[in-house]
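Values quoted throughout were computed directly from the atomic coordinates according to the rules given, and no laboratory measurement underlies them. Since the model is a prediction, treat every value here as computed from it, not as a measurement. A quick note on method: Cβ atoms are made from the backbone with ideal geometry, for glycine too, and the neighbour counts reach across all protein chains shown.
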Amino acid sequence: MGGIGCRDLRVRAGGRELLSVPELHVASGRTLAVLGPNGAGKSTLLRALGLLSSHRVSGQILLDGCPATPPQLREAIAAVLQRPILRRGTVADNVISGLRFRGVGRREARARAWPWIEALGLAALADRDARSLSIGEAQRVSITRALAVGPRVLLLDEPFSGLDATTRADLLADLRAALSGQPTATLLVTHDRQEALALAEDTALLIGGRIRRHGPTAEVLDHPSDAGTARLLGYTNLLPPALTGRPHTLAARPEHTQLLLAPPDLPDARDIAGGPDRRAGEVPVVTGTLRRVVALGIATRADVDTSAGRLTCLHPGDVLAGELPPLGSHVRVRVRHARPLTAED
Ligand SMILES: Nc1ncnc2c1ncn2[C@@H]1O[C@H](COP(=O)(O)OP(=O)(O)OP(=O)(O)O)[C@@H](O)[C@H]1O
C-alpha cells in the first residue's frame, strides 16, 4: 500500500505519554487531516513521523506499508512547519534549496522549481530577499519549497495559522490545486475544521494523544461520538437524556440552536420527547432561562440556562432588542439539528 503510516507509535516526554497511535495510514495521492484541540498531540505526531521529534519515540514508521529507515524517510518526506524557516538569499534560492539539498544541480533545480513558483503565485517575488517577506509570503515560499521536491510524503503543521483570512483562503485554494493529481501522501495538522474540509479527503480526530475517530472528512466532521469530539467539531450544546427524554445525549451547534422569539403554541420538551408519535429525526424544543444576549455583528448570541446546563443559541443577523424577552425570562429553545452521542466519555 503506497503512502506513509505507522504502527504502535508512542511518544513520551517529561515522564508521561504524549501520544499513542496503534495504526495510521495516509495513502499516496490522498490528504489526511489530523484535527485536534490545543495540546492534543498533533505536532507530536507529525514530528514523530517526520523524524523531527526531540522526545522518546517508539514504534514503526512505514513507507509503502513497510518499516522504513531514517534515510528512506528523509528522502521521501518534505515538511512545512508552523513558522516558516527561510534561508538567506532570494525567494527562488529558497524554493530550490530543497532540491539542491537532495543533490539536484542548480540549473535543473531551477527548471523543476519554476512551475511550482508560478503555480503558487510567487513569480513576482522570485528575486526578493526572502528575509524581507511577510509571514504569509514566507509561508507560501515554505510550501512551494516542499512541493518543488515532488515529495512522496508532505507533512503540513498548521501552515495557515497566523495568516489573514484572504491570504489563508488563497493559499488553501492554491495548495488544494497543487496537490490534486499528485501522488503525494499529505498529512495536515490543524485545529480548524474548515481547513480539513477544504483539503482533506480523510480526517482523524486526535484528543489527548489518541485518535478518537478516523474516516471520510465530511462523515467525521458531522458525527461527533462523545463530548470531547462534539466540542472539537463545534457541537458545543449538549442535551442529556434528562432534558430530552432521548436514550442518548444530543449534541447541537449554536447555529442550529435558536430562541423561539415569538413562542408558538408548542408543547414543552418532555411532551415532544415522550410523545407517542416521536419521529427518529425529530429534534426537541427545550425550556430554560434567558441569561445573556450579545450582538456579534453578523449574528446574535443568546445564552440560555436549562436544568442540564447552558445552551448557546446563534441567530443570524442583528436581532432587534424589542423582539427579545427580558433577561431572566422563561424561554423556549428550538434545536433544529442535533446528533446523538453514541460513545459517552
Ligand atoms: N517536553 C515535554 N514534556 C512534557 N510534555 C510535553 C513536552 N513537550 C510537549 N509536551 C506536551 O505534549 C502535548 C502535545 O503537544 P503538541 O504540541 O503535540 O500539541 P498540539 O496538538 O500540536 O497543540 P497546538 O494546537 O497547541 O499546537 C501538550 O500537552 C504539551 O504540553
Take the Cβ-Cβ distance between residue 210 and residue 66 as r, set R0 to 35 Å, and report the resulting FRET efficiency rounded to the nearest 0.05. 0.90
Mind telling me which of 50, 234, 297 comes out most flexible in a GNM of the chain, alpha-carbon contacts under 10 Å? 297
Over the alpha-carbon set of the range 3-102, divide Rg by the Kirkwood Rh and report the Rg/Rh ratio to two decimals. 1.00
Mean-square fluctuation maximum in Gaussian network of the chain, Cα pairs under 10 Å, restricted to 48, 165, 200, hits 165
Add -39500 (n - 2.57) for each DSSP H run of 4 or more in the chain, then divide by its residues: what number comes out at 222 nm, to the nearest 500 deg cm²/dmol? -8000 deg cm²/dmol
Across the alpha-carbon set of the chain, Rg over Rh with Rh taken as the Kirkwood radius works out to 1.07
Amide H neighbours of residue 18 at under 5 Å, excluding residues fewer than 5 places away on the same chain, with H built from the backbone geometry, are 11, 12, 13
Using amide H atoms built in the peptide plane, which far-off residues or other-chain residues are under 5 Å from residue 90 H to H? 130
Selected from 67, 326, 224 as most flexible by GNM, with the chain as the system and alpha-carbon contacts under 10 Å: 326
So if we plug the beta-carbon distance of residue 124 and residue 85 into 1/(1 + (r/R0)^6) with R0 = 35 Å, what FRET efficiency do we get, rounded to 0.05? 0.95
